[in-house]
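Below is one structure; the comments refer to it alone.
The values are calculated or read from the model by the stated rules, or taken from the named source; none is laboratory data. What you see is a predicted model, and the numbers here were worked out from it, not measured in a lab. Ideal geometry is used to build each Cβ from the backbone, glycine not excepted, and the neighbour counts take in all protein chains shown. These accessible areas exclude ligands, DNA and RNA; they are computed on the full protein's heavy atoms, side chains included. Shrake-Rupley method; radii C 1.70, N 1.55, O 1.52, S 1.80 Å.
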Amino acid sequence: MHPASAHPLVTLQGAGVRFGATVALRDVDLELQRGERLALLGANGSGKTTLLRLLHGLLPAQGRRVLHPLHPEQREPVLAMLFQRPFLMHLSARANVMLGLWLRGVARAERGHRADEAIERVGLATQARRPARELSGGQQQRLALARAWALRPDLLLLDEPTASLDPGARREVETLIDEFARDGMTVVFSSHNLGQAKRLATRVAYLEAGRLVVERPVQEFFEDELPPQAAAFLKGELPWIG
């Protein structure tokens with residue numbers, strides 16, 4: 001596993017998001033270091049997806065959001081986000097990856113090689129010509145990961161990446177996420193699966209009602225005393241605790 005560096009990738013200071021009169025996220029202070037694996041925990045509606053979109057820059061933020069140049073490369077980091085229900089076109093698996101590369105402005109001469117490499121990377125080479133929407137749920141999620149991986153992101157944001165998958169497909173997707181992180185990719189993912197957070201994360205953040213209540217290294221989060229809201233959530237998910 002690549003350890004987190006001392007160089008920040010994204011910084012949020014007093015960041016918030018409003019949808020009309022609704023405050024979806026408020027007063028978030030968070031610094032994401034390069035090489036981290038951050039798990040976002042919390043109930044439905046707590047702000048996890050909104051925080052992922054804010055980190056990506058898909059939503060206008062109140063407060064400050066700073067995307068730091070990479071060190072030592074001194075270039076803007078590449079970001080990719082995988083949504084809970086990835087949208088796949090009525091095209092082949094390979095064409096879906098090619099389309100993502102085209103939209104990102106990758107040169108035509110590179111697209112085929114990168115698409116083939118990405119599909120091979122997630123174990124779908126034999127399915128490359130099949131219509132994407134005919135793949136199983138687990139295969140579709142792996143295809144979505146291939147589409148993101150083909151962009152060569154420095155930061156990969158995942159919204160409930162295994163929420164609707166059976167145990168076998170979940171293990172396959174978790175293995176890929178772990179491998180991407182071991183290769184140096186920074187990963188932030190939301191989850192309701194505490195075991196998944198323990199397996200994949202180096203740091204955990206708990207959100208409630210649009211506020212970031214606590215964030216700690218993964219071992220401290222699960223073993224040390226937590227603020228009452230986070231402790232109640234953990235006890236509700238793991239009722240034998242406490």
Qualifying residue in segment 5-23 (condition: more than 19 Å from the chain's Cα centre (by Cα), modelled with pLDDT of 95 or more and open to solvent by 30 Å² or more (accessible area, probe 1.4 Å)): yes
Failed condition for ARG129, given (1) open to solvent by 10 Å² or more (accessible area, probe 1.4 Å); (2) in a helix (DSSP H, G or I); (3) farther than 29 Å from GLY16 by Cα: (2)
Residue under evaluation PHE233, criteria (1) of a type outside the set (Lys, Arg); (2) part of a helix (DSSP H, G or I); (3) without any contact (Cβ under 8 Å) to a residue 24 or more places away in the chain; (4) open to solvent by less than 30 Å² (accessible area, probe 1.4 Å), criterion not met: (3)
Any pair with Cβ under 6 angstrom, 6 or more apart, that starts in segment 40-64 at a residue that is part of a strand (DSSP E or B) and ends at one that is of a type in the set (D, E, K, R): LEU40/LYS48
Residue count for segment 37-48, restricted to those that are surrounded by fewer than 21 Cβ atoms within 10 Å (Cβ to Cβ) and either among the polar types (S, T, N, Q) or under 14 Å from the mean Cα position of the chain (by Cα) (or both): 1
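Filter segment 53-62 for residues that are at pLDDT 95 or above and open to solvent by 50 Å² or more (accessible area, probe 1.4 Å) and give the result.
Going through segment 53-62, the residues at pLDDT 95 or above turn out to be 53-56.
Within segment 53-62, ARG53 is the sole residue that qualifies.
Per-residue answers, yes or no, for (1) farther than 19 Å from GLN84 by Cβ; (2) without any contact (Cβ under 8 Å) to a residue 40 or more places away in the chain; (3) buried (at least 20 other Cβ atoms within 10 Å of the Cβ); (4) not small (Gly, Ala, Ser):
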{"residue": "ASP166", "(1), (2), (3), (4)": "no, yes, no, yes"}
{"residue": "ASP178", "(1), (2), (3), (4)": "yes, yes, no, yes"}
{"residue": "SER191", "(1), (2), (3), (4)": "no, no, yes, no"}
{"residue": "LEU194", "(1), (2), (3), (4)": "no, no, no, yes"}
Segment 156-191 - residue that is of a type in the set (A, V, I, L, M, F, W, C) and part of a helix (DSSP H, G or I) and, of those, farthest from the chain's Cα centre (by Cα): ALA169
Any chance ARG203 is in contact (Cβ under 8 Å) with a residue 40 or more places away in the chain and touching a Pro at 6+ places or on another chain (Cβ under 6 Å): yes
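Would you call ARG111 in a helix (DSSP H, G or I) and not small (Gly, Ala, Ser)?
Values: in a helix (DSSP H, G or I): yes; not small (Gly, Ala, Ser): yes.
Judged against the criteria, ARG111 is a match.
Being of a type outside the set (Phe, Trp, Tyr), over 25 Å from ALA232 (Cβ atoms) and in contact with a Ser or Thr (Cβ under 7 Å, 6 or more places away or on another chain) narrows it down to one residue among GLU179, GLU174; which is it? So that I can check it myself, show each step before the final result.
On the way: GLU179 fails: in contact with a Ser or Thr (Cβ under 7 Å, 6 or more places away or on another chain).
One residue alone meets the criteria, GLU174.
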Residues of segment 192-242 satisfying the condition of being β-branched (Val, Ile, Thr) and within 22 Å of the chain's Cα centre (by Cα): THR202, VAL204, VAL213, VAL214, VAL218
Some residue of segment 102-113 being in contact (Cβ under 8 Å) with a residue 12 or more places away in the chain and crowded, with 20+ Cβ neighbours inside 10 Å: no
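Check whether at least one residue in segment 64-79 is in contact with a Pro (Cβ under 7 Å, 6 or more places away or on another chain) and open to solvent by 80 Å² or more (accessible area, probe 1.4 Å), and report yes or no. Give the steps one after another, and end with the answer.
Our first condition is that a residue be in contact with a Pro (Cβ under 7 Å, 6 or more places away or on another chain); within segment 64-79, this holds for 67-68, 70, 75-76, 78-79.
Narrowing the set further to residues that are open to solvent by 80 Å² or more (accessible area, probe 1.4 Å) leaves 75-76.
Yes.
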